[in-house]
Structures are given as C-alpha cells and as structure tokens.
Amino acid sequence: MRRVLLVDGAPAALAQLQQGLRQQRAQWDAVAVASGAAALASLARARFDAIVSDIGMPAMDGAPLLALVRDRHPNVVRLCLSDTAEGEAFMRAVPVTHQFLSKPCNVETLCDMVERICALRDILQQPAIHELVDNLKALPATPQTFQALSDAMAQPNAHTADIARIVSTDTALSVKVLQIANSAFYRRGVPVTSLQAAIAYAGLEMIKSLALSACVFNAIDASPAAGKLLQDLQARSIRKAHFARMLLRESRRADEAFTAALLLDIGQAVMALGAPEKFEQMIGLARASGRALHEVEPEVFGAAHPEVGAYLLGLWGLPLDLIEAVAYHHTPSRVQHANTSVLAAVHVADAVVDAGADRPARLLDRLDASFVARTGVSRCLTAWNIHLDADDLQAQRLGAG
C-alpha cells in the first residue's frame, strides 16, 4: 500500500484531490491536511511514501515545507502542485522538488508519477544508494557555466543551439534543465531527451533563472580534492557525450545519445561529493587491482555508480530511456526493449573513453559480450567501423579525440 500526504490550503481543492486519488487507487491511503505545520506533524507520526504539496499556502508555502521534508524525511518523494512554471516561489521549490504537477492536477498523472518513482525506489533498495542520494541536496553547477550563459543570453540573437552547447558542458545544469522540460508543464506527450529541445520547451528565461539563481544549485562547499574529482568526471562525461553523438551523427537519436552519455557517471559525482576520501580510496583500489571502477565501487560504497545515478535521475523524473541507459551502461544486455542504436552508442563511448583514461585494455574487454552478440548491435559496430580485434586502436583513437 502506498501512503500519500496531500497538502493544500484550499479545502475544496484538497477534498477533490483526495476523492479523486481514492477513486483512482482504492488501495492507497490518502491523508489530507491544510497547512505545512499539519503536514510536518503527520510525517512525524506515520510513514508516508510521498507528499503532494500546493506551492502557495498561507504561513508556510510549498518551497519551505518541501525543504523541511527533504531534511527530516529524505525517503519521502516530494511532489509540488503549481499553476505556473515562473515566479520566485517556483524557483525556490525547484531544488527541493522531485517532480512538478500543474494545477488543476490530473489524478491519473499523479498516481502514475508516484508509482513510477516509488517503484524505482523499491527496485533499487540498497541502503547505500538511498544514503548517498538522500543526503545529496543538489549537484553543483560551476561558476564558469553561470558566466558563459549570462554572456550568451545577453546577445540579441541568442539561439537555443548556442545555449545547449553551454549547458551540455555542465552535468548538473543539464540534469536540472531536463527535469524541468519533462515536468507536467512542458511534456508534449513524449519524453524530452534532447537538451536543445528541453531548452526550447522551457525557454531561455527559465534557463537563465536556473543558471543564475543560487538557490537552484545549493552552494556545496566541496573540498579541493572533491572539486578536482568532479572536474575530471565532468571532462570525461563530455568526451563520452561527444563520442556517442558522433557515432549516431546521421541519426535523429544523436541528441538523445549525447544526453544519455553525458549523464552516465552522475552516480560517481554523487559519490565524490558525499565521500571524497572514500572515492579516492576506491580509485586507488581499482588501479591497484586492475579492475574497472564499477567493479570496485560496491566494496567501498556498498553500491555501484550506474544504480546510484539511475536512482537519482528516476527520482528527478527524467525519461525512462535515459534512466535505462545510465542504469545499464555497463550491462546493456539486461535491457530487452530499449533503442539498440542509442544504447550501443552509449555503451561503446563509455568503454572507449574509460579504456583510454583508466588503463590500457582491448575494447572487447570493456564491452558486454551478450549485448555485442546481438544482430542489431553488430550491425551498428560495423556501420561505425569499429572492429573488436587485437587492441582496437582505431576506436580508442576516436575516443581520445
């Protein structure tokens, strides 16, 4: 049974939402309260899977309420109801909200969203994943990105393609832009997986607000060691993204592959931010043992970065295709119905860049043999002129470029 806490200062709207939720999901327990204080008291008394709060309420509006829920009850999914995607209150709610819902709320959409996020939590049950992600308040966006976006948007002929290029250099900002574009406000019936499309949907003013508002990406006072690790991770992610898009350059899925590859190692960013000393220890252990990072991570953190990253992106409501690419980028054979070309491009880009950066290795040693054996994947590799023989120096040179 799912337990959902509904918070709205308008009694009629609250009763309508509670009734609709009970009709849609009779087995769920929907509790309704009219204030932030009452919501916090309910959370202190009983377990809830999700809280759905209106953004505008007297005494305590949605943003500070959800911030307190994040700090006191990090396992509770936080959903925010708003009739606009603009304004100061909305911007304050962005960093503490997992997903936004437009008002009036579609109850079926609400139920599907709660089930999707909760199901992801149920699947990824390792306590280590929850601890790593639940303690993460925000991913930091770099000051350089803020400045570059501000300069670009000051130009009278600013274009979404130019903005997308800047946004793509910062993993944290990319994730937040995709989160907003895939919220109920902008969704056009299909998931938004391209950064350029996401920026077009959200609009330049929203992107500017996201980039320049300090409240969106809480200033995390990372240690110098963690900062260096994050820089290295980001540089490698950008190389993977460009390589994946290059492989699919003639395909309409090229932008999707770019975005997916950009997000592959976001789980490692979570680890580096949460425990930089353990992260350095993990890297040293991997190098000493000659093993890949994702093979060593469970020994040090209790979880591997693909699952951590997938859990975080799922919690933030990004499209399932992107979540699957992140979750299974080392083991794509576990995905049966994903787009083969995108998953293959992401898998190869990840293997090539990491093989060149971590230790010399044949590309074949880095790939999922069962996945590569699929007819569709073999066809992709042939088209990309990648041959799994000897040291496959050609592919590694492509990845290094």
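The values are calculated or read from the model by the stated rules, or taken from the named source; none is laboratory data. Since the structure is predicted, the reported quantities are computational estimates derived from the model, not experimental observations. Neighbour counts run over all protein chains shown; Cβ positions are idealised from the backbone, glycine included. Protein only, heavy atoms only, side chains kept; ligands, DNA and RNA dropped before computing areas. Shrake-Rupley method; radii C 1.70, N 1.55, O 1.52, S 1.80 Å.
Is it the case that some residue within the range 331-338 is open to solvent by less than 50 Å² (accessible area, probe 1.4 Å), outside any helix (DSSP H, G or I), modelled with pLDDT under 85 and closer than 20 Å to A254 by Cα?
Among the residues of the range 331-338, at least one is open to solvent by less than 50 Å² (accessible area, probe 1.4 Å), outside any helix (DSSP H, G or I), modelled with pLDDT under 85 and closer than 20 Å to A254 by Cα, which makes the answer yes.
Pairs only if they're at least six apart or on different chains, beta carbon under 8 angstrom, first in the range 85-102 and without any contact (Cβ under 8 Å) to a residue 40 or more places away in the chain, second part of a helix (DSSP H, G or I) and open to solvent by 20 Å² or more (accessible area, probe 1.4 Å); list them, first residue then second.
Matching pairs, first to second residue: V96/A67; V96/R70.
Do you know which residues across the range 33-78 are crowded, with 20+ Cβ neighbours inside 10 Å and either on the phi > 0 side of the Ramachandran plot or part of a strand (DSSP E or B) (or both)?
Within the range 33-78, V33, A50, I51, V52, S53, D54, V77, R78 meet the criteria.
Only residues that are open to solvent by 40 Å² or more (accessible area, probe 1.4 Å) and either of a type in the set (D, E, K, R) or closer than 17 Å to V175 by Cα (or both): list them for the range 89-121, please.
Within the range 89-121, R92, K103, E108, D112, E115, R116 meet the criteria.
Of all residues in the range 1-32, which are closer than 18 Å to R72 by Cβ and either open to solvent by 20 Å² or more (accessible area, probe 1.4 Å) or of a type in the set (V, I, T) (or both)?
Answer for the range 1-32, where residues must be closer than 18 Å to R72 by Cβ and either open to solvent by 20 Å² or more (accessible area, probe 1.4 Å) or of a type in the set (V, I, T) (or both): R3, V4, V7, V31.
Among R287, R291, which is in a loop (DSSP other than H, G, I, E, B) and open to solvent by 10 Å² or more (accessible area, probe 1.4 Å)?
Values: R287 fails: in a loop (DSSP other than H, G, I, E, B).
Checking each option against the conditions leaves just R291.
Just to check your reading of the model, which residue among A138, A158 is open to solvent by less than 10 Å² (accessible area, probe 1.4 Å), at pLDDT below 85, assigned to a loop (DSSP other than H, G, I, E, B) and among the hydrophobic types (A, V, I, L, M, F, W, C)?
Numbers: A158 fails: open to solvent by less than 10 Å² (accessible area, probe 1.4 Å).
Within the list A138, A158, the selection yields A138.
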